[in-house]
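Engineer: Handing you this structure, nothing more for now.
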């Protein structure tokens, strides 16, 4: 069950409408870094959240907040499209760099949505839910969520740097701030459950006798003309505390050469393959 307020979560103000920026804002709605993605990701993670009921409650609440972000971003798109002077678009199109990057305003904002937001990215491609990650494993999901929020904050920062509109900068500063919290929110769940050492390897419930442990803790250097890049990942105790990291240089193959044999008759292969 959801409740809704008639007011936006955060004030949206556009000082100078910009249909090209409206096109860019679509990435924050329907892009893989956008709000539809995280709203649906958290929602479906909540549907499969077993164990600590606090995690399900948190996921539902944050999914609902992300829906609120879609709402005010959609309003921002509409305001940027409202009454935009055609002459400004024509002037921008004279700059070959701007024209090449932006390609002008999205014609579907006029043709398909009547100068309002759509569930698409900046290229006009509809969001298809293929980037929704909900595994039913709380460790995997929390790391996926932190990554999603990191990508969202990168996008919001780039949009902030792109625009000179004070109202849009103010709105984007709010999104940047919320992404700051949400990144840490999901990592704090892992800390609440015992920290990264306890969570790794994910799933931490897999019996060790199901794992070929001799292959679990080495960095595989496949470079033939350079030494392996050394760092925290190549030496010292593993993050889960079960072993030591080390390097394996120029690894010898342990498998066989693939040979599928002859093709079956009536399989559509050439005669020479059968």
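Engineer: Conditions: (1) crowded, with 20+ Cβ neighbours inside 10 Å; (2) in contact (Cβ under 8 Å) with a residue 60 or more places away in the chain; (3) in a helix (DSSP H, G or I). Residue 106 meets all but one. Number of the miss?
Structural biologist: (3)
Engineer: Being within 28 Å of the chain's Cα centre (by Cα) and surrounded by 12 or more Cβ atoms within 10 Å (Cβ to Cβ) is the requirement here; does residue 237 meet it? Write out each step before concluding.
Structural biologist: Working: within 28 Å of the chain's Cα centre (by Cα): no; surrounded by 12 or more Cβ atoms within 10 Å (Cβ to Cβ): yes.
No: the conditions fail for residue 237.
Engineer: Follow-up. Please indicate, with yes or no, whether at least one residue in segment 183-200 is crowded, with 16+ Cβ neighbours inside 10 Å, free of Cβ contacts under 8 Å to residues at least 40 places away in the same chain, in the same structural domain as residue 26 (by TED's automatic domain parsing) and under 28 Å from residue 66 (Cβ atoms).
Structural biologist: Yes, the conditions are met somewhere in segment 183-200.
Engineer: I need the full set of residues from segment 248-274 which are outside any loop (DSSP other than H, G, I, E, B) and surrounded by 10 or more Cβ atoms within 10 Å (Cβ to Cβ), in order please. Let's see the steps before the verdict.
Structural biologist: The initial filter retains those residues of segment 248-274 that are outside any loop (DSSP other than H, G, I, E, B), namely 248-249, 271-273.
Once the filter is applied, which keeps residues that are outside any loop (DSSP other than H, G, I, E, B) and surrounded by 10 or more Cβ atoms within 10 Å (Cβ to Cβ), segment 248-274 yields 248, 249, 273.
Engineer: Only one of 61, 68 is within 20 Å of the chain's Cα centre (by Cα), within 21 Å of residue 139 (Cα to Cα) and modelled with pLDDT of 95 or more. Can you tell me which? Spell out the reasoning first.
Structural biologist: On the way: 68 fails: within 21 Å of residue 139 (Cα to Cα).
Among 61, 68, only 61 is within 20 Å of the chain's Cα centre (by Cα), within 21 Å of residue 139 (Cα to Cα) and modelled with pLDDT of 95 or more.
Engineer: Across segment 71-103, which residue is farthest from residue 19 (Cα to Cα) among those that are crowded, with 19+ Cβ neighbours inside 10 Å and at pLDDT below 60?
Structural biologist: In this case the residue turns out to be 102.
Engineer: Answer yes if at least one residue in segment 213-220 is surrounded by 12 or more Cβ atoms within 10 Å (Cβ to Cβ), in the same structural domain as residue 34 (by TED's automatic domain parsing), at pLDDT 95 or above and in a loop (DSSP other than H, G, I, E, B), and no otherwise.
Structural biologist: Within segment 213-220, none of the residues are surrounded by 12 or more Cβ atoms within 10 Å (Cβ to Cβ), in the same structural domain as residue 34 (by TED's automatic domain parsing), at pLDDT 95 or above and in a loop (DSSP other than H, G, I, E, B).
Engineer: Going by what's in this entry, would residue 226 be described as surrounded by fewer than 16 Cβ atoms within 10 Å (Cβ to Cβ) and at pLDDT below 95? Break it down stepwise before answering.
Structural biologist: Working: surrounded by fewer than 16 Cβ atoms within 10 Å (Cβ to Cβ): yes; at pLDDT below 95: yes.
Criteria met by residue 226.
Engineer: A follow-up question, please. Give the residues of segment 201-212 that are surrounded by 12 or more Cβ atoms within 10 Å (Cβ to Cβ) and more than 25 Å from residue 33 (Cβ to Cβ), sorted by residue number.
Structural biologist: Going residue by residue through segment 201-212, those that are surrounded by 12 or more Cβ atoms within 10 Å (Cβ to Cβ) are 201-204.
Those that are surrounded by 12 or more Cβ atoms within 10 Å (Cβ to Cβ) and more than 25 Å from residue 33 (Cβ to Cβ): 201, 203, 204.
The values are calculated or read from the model by the stated rules, or taken from the named source; none is laboratory data. Bear in mind the structure is a predicted one, so any value in this text is a computation, not a measurement. Cβ atoms come from the backbone with ideal geometry, glycine included; neighbour counts cover every protein chain shown.
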